[in-house]
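> Structure below; questions to follow.
The values are calculated or read from the model by the stated rules, or taken from the named source; none is laboratory data. Just so it is clear, the model here is predicted, and its values are computed rather than measured. Cβ: placed from backbone, ideal geometry, glycine included. Neighbour counts: every protein chain shown. Ligands, DNA and RNA are stripped out before the accessible areas are found, and what is left, the full protein with its side chains, is counted by its heavy atoms. Shrake-Rupley method; radii C 1.70, N 1.55, O 1.52, S 1.80 Å.
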Amino acid sequence: MRGEGCWLIDDAGVRYLDACGGAFAASIGHGVPEVAEAIGDQARRIAYVNGTAFTTEPVERMASELASLAPGDLDKVYFLGSGSEAIEAALKLARQYWVESGKPGKRKVLALTPGYHGNTMLALSASAREHYRRFFSPWLVDVVLAPAPYAYRCACRGADAACPVCTGLVLEQVIAREGAETIAAFIAEPIGGSSTGATVPRPEFHRNVREICSRHGILFVADEVLTGAGRTGTWTAIEQYGVVPDIMTMGKGIAGGYVPLSAVIAPERIVDVLARGSGSLMHAQTFSHHPLACAAGVATVAYMRAHGLVARAAEMGAALHEELEALRSLPSVGDVRGRGLLAGVEFVLDTKTREPYPRAAHFAETFVECALEAGMMVWPNIGHADGERGDLVMIAPPYVITREEIREIVRRFEAALDATLARTRTARSA
Ligand SMILES: Cc1ncc(COP(=O)(O)O)c(C=O)c1O
């Protein structure tokens, strides 16, 4: 019925701790009146014009904000409604850029497995998440996959400094096999989303990826849909690695979940090739560049600035990871990891061998149910261990969370885990 800060209140007045910001979207917390007012004001002024023919003040303001916040030369912004749409447009931009640069042979997309970039067909094609793809496989395009830097499930268990997967150097082999002249873009989540349970790649990973992509003429697309807008303690996650991608996508938290808003951000050096060639990106949607969505985005960014919320995400993120350490000693908790206000807790049948629960146990789903009964929302993921097995939950609260609310997350987590273990044990012995 209602939301306040990190809390959701149902029709019976029961309060739930929103420990994952819905689908990682509620960045500034629920019930912020400034955002509601900005949407209302803009609706009274002008709610809609065709975004490919006209621009509006909130669109220009939000574009300037994102351009100034994005790293390096990323300063041209295209607004859409969802992360999936932004991924579609970003990959189309990469492809169109190469065709208009006289290199039409560059057509393949290189992505990581496990990984997730959205549910529309091209975004799903680039997503190594088997259970989402199964029914639609005949419609998906071939995407070249390289193993993701997922230390907990890597053969090296994150312990080999020279591991080609954990360092990103494995891309070199994949590119050599496929032929750099056939690859348009490499896409990755700078810090893992739910598909690798908030795995943080090593410091050299993105530096190596950047160097390999530049050397082979492959556009590096950083998918910051989940990690961007301050979630990991800096405006974007990739800036922590000191590298600048060629194209970036954002979504989820940029408008705090108040409206659907996503963005593709690219430098002039890419956009100009299209401007001087065919004239424009061959992409248009009725609701691109929506004034109300951008008004909400401007108000969200202003709220973040006024309340120092990105710095707060870093500070409360450190507190979150400190408190979550207590979970490591609990039964079935295999790993706890993440950065800023993004954390993943991976559950396993055997913490020594890291053997996952059988899929039939539905451990992650049961945990989410038990967490809800304990008055808390968390986000589940399955299948990351081997395409079928694997159970983890994500914690990603709004940046306004307090230390006391973080302790409450841990308390409710422990209660939910007890209930999950009891329920799955009963189910197995039945
Ligand atoms: C990294 C990443 N990219 C893209 C998407 C797709 O965004 P949306 O669900 O808004 O289409 C998601 C959604 O979870 C995501 O986590």
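> State the percentage of accessible surface on segment 147-252 attributable to carbon and sulfur atoms; use a 1.4 Å probe and exclude ligands, DNA and RNA.
Working: 1780 of 3100 Å².
Percent of accessible area from carbon and sulfur atoms in segment 147-252: 57.
> Might you tell me the accessible area per residue for segment 300-430, computed with a 1.4 Å probe and given in Å²?
On the way: 5380 Å² over 131 residues.
Normalised by residue count, the accessible surface of segment 300-430 is 41 Å².
> Rounded to the nearest 0.05, what FRET efficiency do Ser137 and Lys92 have when you use their Cβ-Cβ distance and R0 = 22 Å? Numbers along the way, then the final one.
Details: r = 22 Å, r/R0 = 0.98.
That pair, Ser137 with Lys92, gives E of 0.55.
> How high is the FRET efficiency between Glu325 and Thr55 when r is their beta carbon distance and R₀ equals 60 Å, given to the nearest 0.05?
Values: r = 49 Å, r/R0 = 0.81.
After rounding to 0.05, the efficiency reads 0.80.
> On average, how much accessible surface per residue is there in segment 112-261, in Å², for a 1.4 Å probe, leaving out ligands, DNA and RNA?
Ligands and nucleic acids excluded, the result is 35 Å² per residue.
> Using a 1.4 Å probe on the protein heavy atoms only, what accessible surface does His290 show? Give it in Å² to the nearest 10.
About 40 Å², rounded to the nearest 10.
> Relative to the present Cα-Cα distance, how much length would full extension add between Lys352 and Ala415 at 0.36 nm per residue of separation? Display every interim value, and only then the final one.
Details: separation 63, 0.36 × 63 = 22.68 nm, distance 2.34 nm.
Result: 20.3 nm gained on full extension.
> Quick one: grab the alpha carbon gyration tensor of segment 247-349, order the square roots of its eigenvalues as a ≥ b ≥ c, and give me rounded if a/c is under 1.5, else prolate or oblate depending on whether a/b is larger than b/c. Numbers along the way, then the final one.
On the way: a/c = 2.81, a/b = 2.00, b/c = 1.40.
Since a/c reaches 1.5 and a/b is larger than b/c, the shape of segment 247-349 is classed as prolate.
> Let me ask something else about it. What dipole magnitude, in Debye to the nearest 20, does segment 201-256 give about its Cα centre under +1 on Lys/Arg Cβ and -1 on Asp/Glu Cβ?
Working: 6 positive and 6 negative charges, 18 e Å.
Dipole about the Cα centre, nearest 20: 80 debye.
> Under the classification rounded if a/c is under 1.5, otherwise prolate if a/b is larger than b/c and oblate if not, where does the chain fall, given a ≥ b ≥ c as square roots of the Cα gyration tensor eigenvalues? Can you show the working numbers first?
Details: a/c = 1.85, a/b = 1.18, b/c = 1.57.
Note, shape of the chain comes out oblate.
> Taking K and R as +1 and D and E as -1, what net charge do the other residues with C-beta under 12 Å from the C-beta of Ala222 add up to?
Details: positive: Arg210; negative: Glu189, Asp223, Glu224, Glu239, Asp246.
Once positives and negatives cancel, what remains is -4.
> Here is a further query. Over segment 278-427, with every protein chain in place, what whole percent of the accessible area is carbon and sulfur at 1.4 Å, could you tell me? Could you put the intermediate results ahead of the total?
Numbers: 3320 of 5920 Å².
After summing per-atom areas, the C and S share lands at 56 percent.
> Moving to a separate point now. Tally up the carbon and sulfur contribution to the accessible surface of segment 1-122 as a whole percent, 1.4 Å probe, everything protein left in place. Each step should come with its number before you reach the end.
Details: 2990 of 5410 Å².
Ligands and nucleic acids excluded, carbon and sulfur reach 55 percent.
> Same structure, new question: Rounded to the nearest 5, what % of the DSSP beta bridges within the chain are antiparallel ones? Show your work: numbers first, answer last.
Working: 32 of 48 bridges.
Restricted to the chain, the bridges split so that about 65 percent are antiparallel.
> On to the next question. Using Cβ-Cβ distances only, list the Cys residues of the chain with no partner cysteine under 4.7 Å, sorted by number.
Cys6, Cys20, Cys154, Cys213, Cys294, Cys370
> Below 15 angstrom from the Cβ of Asp418, what's the summed charge of the other residues (Lys, Arg +1; Asp, Glu -1)?
On the way: positive: Arg411, Arg412, Arg423, Arg425; negative: Glu369, Glu373, Glu414.
Net local charge, Asp418 excluded: +1.
> Could you check the spin-label model distance between Glu404 and Ala302? Points 7 Å from the Cα along Cα→Cβ, value in nm.
About 3.1 nm separates the two model spin labels.
> Continuing with the same structure: Specify whether the C-alpha gyration tensor of segment 128-272 places it in the rounded, prolate or oblate class, a ≥ b ≥ c being the square roots of the eigenvalues: rounded for a/c under 1.5, otherwise prolate if a/b is larger than b/c and oblate if not. Before the final figure, lay out each step's value.
On the way: a/c = 1.23, a/b = 1.19, b/c = 1.03.
Rounded.
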